[in-house]
Amino acid sequence: MSKIKLTLAVTGLNNTDNPGPGIPVIRAIRESEDFDLRIIGFAYETLEPGIYMENMVDKTYIIPYPSEGAEALIQRIEYINSIENIDVLIPNFDAELFTFMKAEEKLKAIGIHTFLPTIEQFEERQKSNLPDFGKKYNVKVPESKSILNHGDIKKIREDFEYPVMVKGKFYDAWVAYNEEQVKIHFNKISAKWGLPVIIQEFVKGAEVNVVALGDGKGNTIGAVPMRKQYITDKGKAWGGITLDAPKMLELTKHIIQSTKWKGGMELELIRTSKNEFYVIEINPRIPAWVYLAVGAGQNLPEALVKLALGQELKPFSKYDVGKMFVRYSYDMIVDLKKFEEISTKGEI
């Protein structure tokens with residue numbers, strides 16, 4: 001069978017100690033036997049390692065941060081598309097998703113397909129909205145509350161017992177054991193990600209995760225649960241293992257069916273000593289550890305591309321239990337000319 005020629009654009013090339021999902025997504029799709037691929041990288045910074053990784057990205061363009069305005073970002077993508085004729089775009093950062101979701105029809109009009117959650121789906125799973133999400137869809141979630149200033153911090157004891165989790169609206173999560181620690185984390189998080197900052201009930205147990213893909217009609221195309229084996233000081237999985245976890249899969253399918261979730265997602269769960277599962281976060285995109293799912297038999301990034309192209313897919317029926325991933329750092333030697341080119345021209 002002849003392969004489909006496909007130009008794919010991907011963000012999230014920052015494969016550092018706080019890795020973006022872009023490189024594992026590209027790696028997974030490059031393994032597809034159905035596509036003749038040209039990969040276009042969208043980078044926000046000139047030192048994102050994915051720019052310089054050979055055999056991953058065919059061409060990279062610098063794009064403006066979403067904070068510079070949706071219009072600037074979309075204009076840049078329209079210019080890039082006039083050269084590259086992009087078929088599918090996979091955004092991989094929470095902070096950029098809203099812009100791309102709002103621009104879905106505009107992108108489609110110039111031939112760029114996406115497969116993203118709806119704005120309603122995106123909003124109702126926000127950390128600040130998680131208690132309402134839990135009630136609406138009958139899932140266990142920790143109590144949480146949004147705070148906007150130091151005055152709100154003094155009131156935390158009225159609703160929570162210490163320790164509590166202090167979380168940014170997009171990223172970052174820290175345990176705080178007293179009011180002073182909340183202030184420290186509040187200052188760091190609000191400076192980096194803005195307001196609100198979320199205070200969440202601390203649920204004791206083991207953190208486990210699921211990467212999943214919904215078809216937008218209530219069907220789970222694939223889902224792979226894992227437990228982190230090694231966690232960095234940034235809270236990122238540096239090693240993990242797939243689990244035989246029927247209850248985690250049942251919960252995932254329930255959420256996808258109830259919300260008719262469209263696109264990739266990562267469920268962050270706490271498994272208590274009573275084997276109860278609390279949903280502590282729902283990340284509305286593919287996580288950086290997605291290649292573990294590929295290694296376990298479910299190529300979810302490839303399936304996401306096929307859904308974006310309007311193909312009908314049968315759900316994956318199994319995955320390998322006991323597959324591990326171990327992440328490592330690697331020193332690349334790069335010619336200075338490459339760095340100069342991406343810095344001055346904005347493309348390489």
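LEU97: more than 30 Å from TYR162 (Cβ to Cβ), within 19 Å of the chain's Cα centre (by Cα) and assigned to a helix (DSSP H, G or I), yes or no?
Judged against the criteria, LEU97 is a match.
Within segment 318-334, take every residue that is of a type outside the set (A, V, I, L, M, F, W, C) and modelled with pLDDT under 95 and give me the one that is nearest to the chain's Cα centre (by Cα).
ARG327
When you look at ILE77, is it under 26 Å from LEU300 (Cβ atoms) and in a helix (DSSP H, G or I), yes or no?
yes
Being over 11 Å from ILE51 (Cβ atoms) and surrounded by 10 or more Cβ atoms within 10 Å (Cβ to Cβ) is the filter here; which residues of segment 329-343 pass it?
Correct list: GLU340 only.
Out of the residues in segment 262-287 meeting the condition of being among the small types (Gly, Ala, Ser) and in contact with a strand residue (DSSP E or B) (Cβ under 8 Å, 6 or more places away or on another chain), tell me which one is surrounded by the fewest Cβ atoms within 10 Å (Cβ to Cβ).
Across segment 262-287, the extreme among qualifying residues is GLY263.
Checking the conditions here, which among GLU312, GLU281, GLU341, GLU302 is part of a helix (DSSP H, G or I), among the acidic types (Asp, Glu) and either in contact with a Leu (Cβ under 6 Å, 6 or more places away or on another chain) or not assigned by TED's automatic domain parsing to the domain that holds LYS108 (or both)?
Criteria check complete, one pass: GLU302.
Of the numbered conditions (1) crowded, with 16+ Cβ neighbours inside 10 Å; (2) over 25 Å from GLN298 (Cβ atoms), GLY20 satisfies every one except a single condition; which is it?
(2)
For LYS234, work out the one condition from (1) within 20 Å of the chain's Cα centre (by Cα); (2) part of a helix (DSSP H, G or I) it doesn't fulfil.
Tallying (1) within 20 Å of the chain's Cα centre (by Cα); (2) part of a helix (DSSP H, G or I), LYS234 fails exactly one: (2).
Kindly list, by first and then second residue, each pair from a residue in segment 255-275 that is within 14 Å of PHE122 (Cβ to Cβ) to a residue that is crowded, with 19+ Cβ neighbours inside 10 Å and of a type in the set (D, E, K, R), limited to pairs with Cβ atoms under 6 Å and residues at least 6 apart or on different chains.
Correct list of pairs: GLY264/ARG285.
Of the residues in segment 27-69, how many are of a type in the set (A, V, I, L, M), in contact with a strand residue (DSSP E or B) (Cβ under 8 Å, 6 or more places away or on another chain) and either modelled with pLDDT under 95 or assigned to a loop (DSSP other than H, G, I, E, B) (or both)?
3
Suppose we filter TRP238, TRP174 for residues that are aromatic (Phe, Trp, Tyr), more than 24 Å from ASN129 (Cβ to Cβ) and either surrounded by 17 or more Cβ atoms within 10 Å (Cβ to Cβ) or in contact with a strand residue (DSSP E or B) (Cβ under 9 Å, 6 or more places away or on another chain) (or both); which single one remains?
TRP238
The values are calculated or read from the model by the stated rules, or taken from the named source; none is laboratory data. These figures come from a predicted structure and were not determined experimentally. Counting neighbours? That spans all protein chains shown, and the Cβs are built from the backbone with ideal geometry, glycine included.
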